[in-house]
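For reference, the structure discussed in these notes is given below.
Read-outs throughout are calculated quantities, based only on the coordinates presented, and are distinct from any laboratory measurement. Just so you know, these numbers come straight off a predicted model, no measurement behind them. Here the Cβ positions follow ideal geometry from the backbone for every residue, glycine too, while neighbour counts run over all protein chains shown.
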Amino acid sequence: MSLMGNLNRALSATTGLQVRRATPAAPQQPTRTGAKPGKRPTPVYRCPAPGDLATDRLLRRPVFIMSPVRSGSTLLRMLLNAHSRLHSPHELHIRRLEVDFGSRLSQRAMSALDLERGDLEHLLWDRVMHRELVRSGKDVLVEKTPSNAFVHRRIRDCWPDARFVFLLRHPVSIARSWHEGDPDKRTFDEAAADALRYMKAVENARQAATGPADGQPAAHHTLRYEDLTADAEREMRDLCAFLGVDFEPSMLDYGRRDDTQVVKGLGDWRDKIRTGQVQSGRALPAEDEIPELLRPMCEAWGYSS
């Protein structure tokens, strides 16, 4: 029997609860109390108060890399994972893990504990990530699933002490890379439109992090893929300072310490990332190569005058 089957059988026998993987759906921007017509509803949950974090969360001050697809997030996580104190596993896709009630009685029992379905999902997310951190033997968990940007508010509500790293790249380069990854599946225009959804989600998350939420802005740091590939040491020194850890030169030779976590479908797996060292990025597109669709995002990110 599968691990999920064993877990469900044990949970059902004791609580009536079941854990299931979420049905695949287009990324949506959720709200705490419901959803607009046509959108998958977000379960009710509460954001732990500072005094409740010690009880409600095992994982403290997790780091989330917020980036569009094809923006260098796998490279960044490999560099970070080569640090002796930072653990950055393959994409975890935790937001697609859901908890459901197997009976009305189990729902009533959890409600009596002040735990709604969203609260239970947050406990599951936290436990999975904390387990991964403990198994690594390191101190800080860094998660980098690009689609996390679509649920940035919920992630921040789940971990009020979370830190965010925003990784930006020229929008045209993102679109070209997304197209080249599967040219038979999508044209360049289709790739640009699809990648733009992620870019907008990242920008929304960036704006939310720099502004107050519940009275306080989130801890955040922004870097560019082009700067990372041009001077990796400088960028990693700055990022390590933000994370409160010392820079380690061995991070730049990440392949010597981690060549096992390059998994197709869970991040970039191509030859360039497998070299184990930072490679030069492609030349920036000329101004006249920017399609109208991507021009506003280029301007927002400082890639166009």
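Summary of values
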| read-out | value |
| --- | --- |
| Length added when fully stretched, Glu289-Ala49, from 0.36 nm per residue minus Cα-Cα | 81.6 nm |
| Contact order relative to length of region 203-247, as percent, for alpha carbon pairs under 8 angstrom and 6 or more apart | 21 percent |
| Net charge of neighbours whose Cβ lies under 12 Å from the Cβ of Asp56, counting Lys and Arg as +1 and Asp and Glu as -1 | -2 |
| Rg and Dmax [Cα atoms of region 58-300; Å; Rg one decimal, Dmax integer] | 18.8, 62 |
| Region 113-155 and region 177-242: distance between their alpha carbon centers, rounded to Å | 20 Å |
| Protection proxy ranking, peptides 64-72, 144-152, 247-255, average beta carbon neighbours within 10 Å, highest first | 64-72, 144-152, 247-255 |
| Computed lengthening from Asp182 to Leu97, 0.36 nm per intervening residue step minus Cα-Cα distance | 27.9 nm |
| Residues Glu248 and Val134, FRET efficiency given R0 of 30 Å [Cβ-Cβ distance, rounded to 0.05] | 0.90 |
| Formal net charge of residues neighbouring Asp139 (Cβ-Cβ distance under 11 Å; K, R +1; D, E -1) | +4 |
| Linear extension gain, Leu58 paired with Leu105, 0.36 nm per residue minus alpha-carbon span | 14.2 nm |
